[in-house]
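What follows is one structure encoded as structure tokens, with my remarks underneath.
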Amino acid sequence: MELTPAVAGLVCTDCGSEFGFDIDQRCPDCEGTLEPTYEYDTVAPGDLFDAGPETGQWQFDALLPFTSDSAITAAEGSTPLVAADRLVDELGVGEVYIKDEGRNPTGTVYDRGMSLAVTALSGHADPDSIEPVALASTGNSGQSAAAYLGRLGLRSYAFVPSRTAFSNKAMINVHGGQMRVVGGRYPDAAAAVDDQLATDYYSLQEFTTPYRHEGAKTVAFELYADLGELPDVVFVPTSTGELVAGIAKGFEELVEIGAVESTPTVVAVQPTSCSPIAAAVERGLDAPEPWAHPDTIIGELEVPDPAGGAQAVAALDRLDGEAVTVDDSDSLESATRIAQHEIIEMGAAGGAAAAGAWNWHEAGAFTGDETVVLLNTDSGVKSPDVLRSHLMGQGV
Ligand SMILES: [Zn+2]
């Protein structure tokens with residue numbers, strides 16, 4: 001990979017130590033999370049948004065660590081921002097858009113960060129020497145990792161809990177990755193990576209690689225590029241904290257380079273039965289405490305001990321954001337209603353964003369003229385059984 005002119009290095013979000021790009025896992029000093037820093041005064045809004053005919057997230061490489069020419073990419077990003085006029089009336093706001101991340105190469109928002117992380121990996125002098133590459137996943141990120149690592153021909157392992165959707169399990173193998181199904185829930189899969197791999201491995205875990213949450217920030221850039229301004233409120237289905245932390249950083253960088261004056265309200269949405277980040281926000285904690293008994297039907301959101309919990313809480317604090325919880329039945333009802341009316345393959349996790357907006361409406365939190373964005377984090381075709389089961393409960 002080739003570094004961009006504005007990127008300065010990597011900084012530890014815990015201890016503040018600075019590093020070069022030879023380090024691409026956790027902080028050697030304190031095990032904290034690293035992330036790229038930039039010389040913001042060298043980047044003008046035109047550098048970021050006047051990419052010419054280039055499409056996809058790498059058109060924004062003025063504020064990415066690596067150049068688009070050197071990227072491992074399948075044109076992720078540039079996902080549609082679909083106007084949902086029916087929801088405008090139902091929610092009583094000015095405009096509603098669904099940012100459809102299901103349209104990414106493997107049907108998930110995580111393709112963005114995976115493209116950056118695997119590009120970083122391609123910069124190793126001898127990538128083969130760091131095999132195997134491994135991560136634990138609720139499903140989508142494992143599928144994405146297998147796809148992107150296939151471009152480099154690297155041996156990879158995705159550790160998934162047994163409840164992971166069949167489509168994810170199948171496609172991890174179809175993309176050439178190896179898979180270990182671990183009994184139990186997501187924390188069991190995470191623990192199994194160390195327990196079952198006999199050798200050292202290169203981790204693509206979120207917040208272990210500096211780049212997965214960094215990739216999520218391009219969602220923020222695209223919202224500005226498509227709307228010509230930032231929306232007022234963005235509802236983000238939240239599990240690991242990767243999306244909240246990354247998208248918030250993107251909004252803050254738009255302020256840094258002078259494109260906008262203020263950031264939107266970011267609302268993290270979690271299932272009532274697994275909401276460690278929302279609980280931390282409500283209780284005023286700096287970091288979540290592990291959720292003792294997670295039990296949500298939406299597997300992608302069942303992350304009881306989020307790796308980026310502290311980063312997400314800090315981001316919500318900086319942006320005056322909020323966190324809300326939603327019942328599974330409301331998330332599935334929202335996902336299926338949007339699928340029925342808006343020509344979108346709305347995922348079960350994405351339904352949580354819409355259910356969060358409904359909660360705001362019922363609480364009278366909208367003033368009536370906002371531009372609202374709902375993030376559909378994955379394609380509905382990844383978990384049709386979960387969505388269909390909701391209809392069965394209604395006798396359909
Ligand atoms: Zn550190």
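Read-outs throughout are calculated quantities, based only on the coordinates presented, and are distinct from any laboratory measurement. Note that this is a predicted model, so its numbers are computed, not measured. FYI the Cβ positions are ideal-geometry reconstructions off the backbone, even for glycines, and counts take in every protein chain you see.
Volume of the convex hull of region 238-396 (Cα atoms only), normalised per residue: 126 Å³.
Compactness of region 88-132 was expressed as the Cα radius of gyration divided by 2.2 N^0.38 Å, which yields 1.98. Taking the Cα centre of region 127-223 as origin and assigning +1 to Lys and Arg Cβ atoms and -1 to Asp and Glu Cβ atoms, the resulting dipole is close to 340 debye. Dipole magnitude for region 57-207: about 440 debye, using +1 per Lys or Arg Cβ and -1 per Asp or Glu Cβ, origin at the Cα centre. Seen from every direction in turn and averaged, the convex hull around the alpha carbons of region 1-77 projects onto 5.6 nm². For residue 82, neighbours were defined as the other residues whose beta-carbon sits under 9 Å from its Cβ, and their charges (Lys and Arg +1, Asp and Glu -1) total -1.
When you have a sec, figure out the Kirkwood radius of region 1-143 from all distinct Cα pair distances and drop it here in Å to one decimal?
Here the Kirkwood hydrodynamic radius works out to 17.5 Å.
Distance from the Cα centre of region 1-52 to that of region 179-204, in angstrom? Measuring centre to centre over Cα atoms gives 28 Å.
Normalised by 2.2 N^0.38 Å, where N counts its residues, the alpha-carbon radius of gyration of the chain equals 0.91. Whole-percent P(r), region 245-314, all Cα pairs, 5 Å bins from 0: 3, 17, 22, 20, 15, 10, 7, 4, 1. Approximating the spin labels as points 7 Å out from Cα along Cα→Cβ, the residue 255-to-residue 39 distance works out to 2.4 nm. Residues in region 190-203 carry Karplus couplings, in order, of 5, 5, 5, 4, 6, 5, 9, 8, 7, 10, 4, 9, 9, 8 Hz; the curve used is 6.51 cos²θ - 1.76 cosθ + 1.60 with θ = phi - 60°, and Gly or Pro positions show x.
As a check on your grasp of the helix formula, calculate [θ] at 222 nm for the chain: sum -39500 (n - 2.57) over DSSP H runs of n ≥ 4, divide by the residue count, round to the nearest 500. Write out the running numbers ahead of the final one.
Values: 14 runs with 144 residues, N = 396.
About -11000 deg cm²/dmol.
With distances taken between every two different alpha-carbon atoms, region 60-184 has a Kirkwood hydrodynamic radius of 16.0 Å.
Free of any trypsin sites (Lys or Arg not before Pro) that DSSP assigns to a loop and that have at most 16 other C-beta atoms within 10 Å, the longest stretch within the chain is 164-396.
Counting only the Cα atoms, region 315-396 fills a convex hull of 113 Å³ per residue. For region 212-259, the alpha-carbon coordinates run over 29, 19, 13 Å along the three principal axes, in decreasing order. Each part reduced to its alpha carbon centroid, region 110-147 and region 222-241 end up 25 Å apart.
The convex hull of the Cα atoms of region 184-285, projected and averaged over all directions, covers 8.7 nm².
Each Lys and Arg Cβ is given +1 and each Asp and Glu Cβ -1; about its Cα centre, region 192-340 then shows a dipole of about 120 debye. Rounded to the nearest 5, the antiparallel percentage of DSSP beta bridges internal to the chain is 30%.
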